[in-house]
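Data block below; observations after.
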Amino acid sequence: MSGGSGEARGEVRIYLIGYAAALLLTGAAFGAVHWHIVGPRATFAAVLLLGLVQAVVQFRCFLHVSLARTARDDLQLVLFSALIIALMVGGTLVVLFNLHGRMM
């Protein structure tokens, strides 16, 4: 058996694990909202936590971003992109809340 086949099999295994984890986390989030198991604040916190865990699963299993030395450039690119998006969303929210305050 060649080394390439084992490597491809390991990569398919990671994809399948990521797919199963993503389905499970998505189902858990929908279930938490649908069945009203806990209060609204706890449901919001659970969905937020499940979303963050799912983002980590997506980065690790599908984008192959890890904390290894060779993947640091990819990790820095993802973190910089997240910073830019957070700044854009934060600025938009500031403008919208300011407009809301002026309208009321």
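Would you work out the charge dipole size for the chain about its Cα centre, treating the Cβ of every Lys and Arg as +1 and the Cβ of every Asp and Glu as -1, and quote it to the nearest 20 debye?
It works out to roughly 200 debye.
Where in the chain are the DSSP H helices whose alpha-carbon span along the long axis reaches 18 Å or more and whose Kyte-Doolittle mean is at least 1.0?
40-57, 72-103
Subtract the Cα-Cα distance of Tyr19 and Ser81 from 0.36 nm times their separation in residues, and report this length gain in nm to one decimal.
19.9 nm
Per 5 Å bin, what percent of the C-alpha pairs of the chain does each bin hold, from zero upward?
2, 11, 12, 13, 15, 16, 13, 8, 5, 3, 1, 1, 0, 0, 0
Bear in mind these aren't lab numbers, they're just calculated from the coordinates by the rules spelled out. Predicted model, so just to flag it, every value in this text is computed and none were measured. Neighbour counts are summed over all protein chains in view; Cβ atoms, including those assigned to glycine, are modelled from backbone coordinates with ideal geometry.
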